[in-house]
1. Quickly rank 62-69, 46-53, 96-103, 119-126 as a protection proxy: mean count of other C-beta atoms within 10 Å, highest first.
2. Under 20 Å from the Cα of Lys104, which aspartates and glutamates turn up, not counting those fewer than eight places away in the same chain?
3. Which lysines have a Cα lying under 20 Å from the Cα of Lys91, excluding residues fewer than 8 positions away in the same chain?
4. Please report, in debye to the nearest 20, how large the charge dipole of region 20-89 is about its Cα centre when each Lys and Arg carries +1 at its beta carbon and each Asp and Glu carries -1 there.
5. Within the accessible area of the chain, what % is carbon and sulfur when the probe is 1.4 Å and the other protein chains stay in place?
6. Would you calculate the separation in nanometres between label points at Lys80 and Glu56, each defined as 7 Å from the Cα along the Cα-to-beta-carbon direction?
7. Once you sort the root eigenvalues of the Cα gyration tensor of region 78-133 as a ≥ b ≥ c, which label holds: rounded (a/c under 1.5), prolate (a/b larger than b/c) or oblate (the other case)?
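The values are calculated or read from the model by the stated rules, or taken from the named source; none is laboratory data. Because the structure is predicted, anything quoted here is derived from the model rather than measured. Positions of Cβ are backbone-derived with ideal geometry, glycine not excepted, and every protein chain shown enters the neighbour counts. The protein model used for the area step is the full one, side chains on, heavy atoms only, and it has no ligands, DNA or RNA in it. Shrake-Rupley method; radii C 1.70, N 1.55, O 1.52, S 1.80 Å.
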Amino acid sequence: QVQLVESGGGSVQAGGSLRLSCLASGYNYRPNCMAWFRQAPGQEREGVAHIYINGEETRYHPSVKGRFTISQVTTPDHAKTTLYLQMDSLKPEDTAAYYCAADKDCVGYRTRQHFSIEAFNYWGQGTQVTVSS
């Protein structure tokens, strides 16, 4: 059973930075597609950043492009993967709960619907990011 555990959320002033981490473990085969989503109160969950690990391809929501960077590090034995989201120049509208997700078969990537929620098999519990003006 794949486990995703996020950390790194918190409160920051506008213009500041945060780095989120997501430790993925418990898998037999490393998921090759992972992503960060966020959900603000009263709003739908939206995809923020996606990475196709084997091809080192990334994709971003237009509202965060140029400010957020997704990356990952896998242990040499492929037993664990840590997904990161570096968030710079944060804005109050970035305030949300941020979720790490894994699409083990890269369904979203292969159908060019990178942020299709239905494509993601595993989800973390979320970490809160609050940006004050």
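1. 96-103, 46-53, 119-126, 62-69
2. Result set, ordered by chain and number: Glu6, Glu46, Glu56, Glu57, Asp77, Glu118.
3. The qualifying lysines are Lys65.
4. Here the size comes out at about 80 debye.
5. Result for the chain: 45 percent of the exposed heavy-atom area is carbon or sulfur.
6. Between Lys80 and Glu56, the label points sit 2.4 nm apart.
7. Prolate, because a/c is 1.5 or more and a/b exceeds b/c.
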